[in-house]
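Here's the structure, in structure tokens; my notes come after.
The values are calculated or read from the model by the stated rules, or taken from the named source; none is laboratory data. Predicted, not measured: the structure shown is a model, and the values here were computed from it. Glycine gets a Cβ as well: all are built from the backbone with ideal geometry, and neighbour counts include every protein chain shown. The area values use the complete protein model at the heavy-atom level, side chains included, leaving out ligands, DNA and RNA. Shrake-Rupley method; radii C 1.70, N 1.55, O 1.52, S 1.80 Å.
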Amino acid sequence: MGAQGLLADPGRRVTPAALQKLIEQMGFVQLDSINVVERAQHLTLASRLDAYRPQHLSRLLEQDRSLFEHWTHDASAVPTKWFAHWKPRFDRERERIWKKSWWRERMGEEPDKIIAQVRERIVREGALRSLDFEHKHRGVPTAWWGWKPQKAALEYLWSTGELMIARREKFQKVYDLTERVLPGHSRQPQPTEREHVEWACHTALERLVVATPKEIAEFWHTIGIAEAKAWCTEAAQAGRIIPVLLESSDGAKGRVSFAVCDWERRLGSLPEPPARTRLLSPFDPVLRDRARALRLFNFDYRFEAFVPGALRQYGYYVLPILEGDRLVGRLDPKFERSDGLLNIRQIYWETGIRVTQARQRGLEKAAAKLAGLIGASGIKWPR
């Protein structure tokens, strides 16, 4: 929690430098389009900074360019200082996408021609959206699996590094040439394979503190487990990290893991967790690896937005409830925008949690902060 920014004072001032420092400490912030309450990236940052507002992140992405949008395990805002380490990913994506039958079906018989046309228009006209490209089904709604050829070409050029996302308009991507969006960084040399593996493993463990090789590999989702295992063995032999047995809070057998060498010093220097209740994003970095969250916090969280309604246990977009350093429950909210109300549809407390008046007040304060973030005029609580 300390490594992921959840122990620092959330009441501190929000400046571009402070937000950049926080995201670099976390590694990245996952982006998500679901907007039942607020988009995940804003929930993640607001749980760490009380005064955070969406325009703070937009500034770093779209004006300062100190962050860029690309893939980790999912779409994320990533510190631009690490841009060179996305170049190996660009190379892999180029090969992978061309082999993908789904993509080739959407591109049709002349993929090279369509890609060239899309590229040429952006070179000539500047930043464009998918909507700016005509296609024969113009006016017919298309879900992501129904992409027109030009949209598939734009995503290919973005995934392979020729284009970057210059900004978002109502969360729609606006693409431009990488050399125009990130001129200095686009010219950086690509790291060697050894340099890239060292960066991926070292920076991941710094943010996980204690982890298995699998967790290290999956943090950035840019190297394989075999490469992470080999790095851990070599780094441990050199005394740069230490092997440990990590006890599981869910009662499962302990796992052989690796830790930063000074984990005890870091642990001793951590502040006490803020004495308050906070609502976390479903994609918060301490929860996105569900198996790891279960072992560390004994909190079994499942994101149910893509689960059929009748099979959901808790709800479509449920927010975990963090109290101090304990995950004590979950909240099923929805922003009823037509009424301006934050509708708390249900509250689920973990087994063994007593719902005291103090605990209820803490949750009410957390909900009020969420209402302030999204601009809700009131809160509707379940009866």
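Listing for the model above:
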{"item": "Packing-based ranking, highest mean first, of 295-306, 10-21, 30-41, 259-270 given that Cβ atoms within 10 Å are counted", "result": "30-41, 295-306, 10-21, 259-270"}
{"item": "Theoretical gain in end-to-end length, I353 to S338 [0.36 nm per residue, Cα-Cα removed]", "result": "2.0 nm"}
{"item": "Surface share of carbon and sulfur [accessible, 1.4 angstrom probe, percent] for the chain", "result": "51"}
{"item": "Alpha carbon convex hull of segment 81-122, projected area averaged over orientations, nm²", "result": "3.9"}
{"item": "Sequence-distant residues sharing a close amide H with V37 (under 5 Å, placed H)", "result": "F335"}
{"item": "Centroid-to-centroid separation of segment 227-292 and segment 323-383 [C-alpha atoms, Å]", "result": "29"}
{"item": "Among 361-367, 279-285, 347-353, 193-199, the order from most to least packed when residues are scored by Cβ within 10 Å on average", "result": "279-285, 361-367, 193-199, 347-353"}
{"item": "Matching label, P(r) over Cα pairs in 10 Å bins from 0, in percent computed from the structure shown, candidates [x] 5, 23, 32, 29, 11, 1; [y] 5, 22, 29, 23, 13, 6, 2, 0; [z] 4, 20, 29, 27, 15, 4, 0", "result": "[z]"}
{"item": "Segment 1-138 - convex hull of the alpha-carbon atoms, volume per residue in Å³", "result": "160"}
{"item": "Beta bridges by DSSP in the chain, antiparallel share as percent, to the nearest 5", "result": "95"}
{"item": "Mean accessible surface per residue for segment 306-368, computed with a 1.4 Å probe while every protein chain stays in place, in Å²", "result": "54"}
{"item": "Per residue accessible area of segment 1-152, 1.4 Å probe, in Å²", "result": "48"}
{"item": "Shape box of segment 93-249 [Cα atoms, principal axes, largest first, Å]", "result": "59, 36, 31"}
{"item": "Global geometry of segment 165-278, whether rounded, prolate or oblate, following the gyration tensor of its Cα atoms and the 1.5 cut on a/c", "result": "oblate"}
